[in-house]
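Here's the structure, in structure tokens; my notes come after.
Bear in mind these aren't lab numbers, they're just calculated from the coordinates by the rules spelled out. What you are looking at is a predicted structure, and each value in this text was computed from that prediction instead of being measured. We place every Cβ from the backbone using ideal geometry, glycine too, and count neighbours over all the protein chains shown.
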């Protein structure tokens, strides 16, 4: 049975005597519930009592929903060890304050609970954790699956990974592209937007938010100013609203906007974002192109390769917190990605055979930043599959 690396981390933490609330956060359909269920099965076989409940309902209610399940778990904990797992907890009104006072009560009890919280909205989970549960939790981030994980679990090769991305729930459907696409569009994209964003956060212009998502998937890895975006989206919004919607879509694990590299934090925040879908499956589903199109259109394959490398780097840099991922451009010259650690700067160019590789952007970047190093991914450089299997720290080895 395939198990994500997070399985061992969570199992070890629950078994430790000095317990904190374990929070598992990540986008929909990346295996959070499956991983936690695997942990719960292991603990149940060790005679631990288990209570699992999900708030992924149209109207999960308020604090009573949590209290009822918490008290039931406490009764079980009096006789043996007990674990309480609450899924999609961010959908419960006032969830963080409720968990706070219940958890603080556990400190006085002889047999305290082990508590696991799961959530698919990174933004809402972060707000609740930082506002109410500071010092009481440990976070386990689960991102989209890497090519290594999809290969080990489902035998997926590079070409399949570029098209179908890292969603394990759709792996058994890739033989039927129409059915796979419907699954991604209906069960994943629409559910993430309608239930994880629109039902949970005030969005005054939902059509604009949806159009922003579609723009990122139709033109992946493009650098677009907020002002030009509004023109393309034909909406009378403003740049602040658009930046907020981009943040919401990132919190749902759909797209992000990379900022421009420079020596100034102020300039970075004010730069035009590079729109990056966080899983190439989103691009394939929105555009409706299967593996055959990948073989017939090198330009499209190059764009998917660039997006795949970028999304993998984004996932790992967010998870580790030790590196930063940006892009760079000036006067039409571009460097696809800029990866930085504390002391080093690395420009990354993902080769696309369709446009003829040019070093002009990289050369101009290194003239401006002489300390920067350069790396070509694809072509006669580092193989794309090798890059997709590397951690950010390995680029600086």
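Footprinting exposure proxy ranking of 71, 244, fewest other C-beta atoms within 10 angstrom first, gives 71, 244. The shape of the range 303-377 comes out oblate: with a ≥ b ≥ c from the C-alpha gyration tensor, a/c is at least 1.5 while a/b does not beat b/c.
Work out the FRET efficiency for residue 186 and residue 104 from their Cβ-Cβ distance, taking R0 = 51 Å, and round it to the nearest 0.05. Plugging the Cβ-Cβ distance into 1/(1 + (r/R0)^6) gives 0.75.
Taking the longest Cα principal axis of the chain as reference, the axis of helix 122-132 is set at about 50 degrees. Taking 0.36 nm per residue of separation and subtracting the Cα-Cα distance, full extension of the segment from residue 179 to residue 41 would add 46.5 nm.
Could you compute the FRET efficiency for residue 380 and residue 19, with r as their C-beta to C-beta distance and R0 at 45 Å, rounded to 0.05?
Working: r = 52 Å, r/R0 = 1.15.
So, using R0 = 45 Å, E works out to roughly 0.30.
Determine the gain in length on full extension of the stretch residue 394-residue 291; use 0.36 nm per residue of separation and subtract their C-alpha separation, reporting nm with one decimal. If you can, show how the numbers build up before the last one.
Working: separation 103, 0.36 × 103 = 37.08 nm, distance 3.00 nm.
Residue separation times 0.36 nm, minus the Cα-Cα distance, leaves 34.1 nm.
Averaging 1/r over every pair of different alpha carbons in the range 273-323 and inverting the result gives a Kirkwood radius of 11.8 Å. Put a dot 7 Å past the Cα of residue 138, heading toward its Cβ, do the same for residue 78, and the two dots end up 3.0 nm apart. Put in order of Cβ neighbour count within 10 Å, fewest first, the listed residues 63, 271, 182 become 182, 63, 271. Between residue 201 and residue 243, residue separation times 0.36 nm minus the direct Cα-Cα distance comes to 13.6 nm.
Sort the range 1-151 into rounded, prolate or oblate with this rule: let a ≥ b ≥ c be the square roots of the eigenvalues of the Cα gyration tensor; rounded if a/c is under 1.5, and if a/c is not under 1.5, prolate when a/b is larger than b/c, oblate otherwise. Judged from the Cα gyration tensor, the range 1-151 comes out oblate (a/c at least 1.5, b/c at or above a/b).
Under 16 Å from a point 7 Å along the Cα-to-Cβ line of residue 54: which residues of the range 98-129 have their amide N that close? Zone members listed by number: 117-121.
Report the FRET efficiency, 1/(1 + (r/R0)^6), for residue 225 and residue 127, where r is their Cβ-Cβ distance and R0 is 35 Å, rounded to 0.05. Working from the Cβ atoms, E equals 0.75.
Packing around the peptides 201-207, 218-224, taken as the average count of other Cβ atoms within 10 Å per residue, puts them in this order, highest first: 218-224, 201-207.
Computed over the chain with a Gaussian network model linking Cα atoms closer than 10 Å, the most mobile of 87, 316, 363 is 363. Cβ crowding within 10 Å ranks 364, 3, 109 as 109, 3, 364, fewest other Cβ atoms first.
Cα gyration tensor of the chain, axes a ≥ b ≥ c as square roots of the eigenvalues: rounded (a/c below 1.5), prolate (a/b > b/c) or oblate? Walk me through the intermediate numbers first.
Numbers: a/c = 1.78, a/b = 1.70, b/c = 1.05.
It comes out prolate by the Cα gyration axes.
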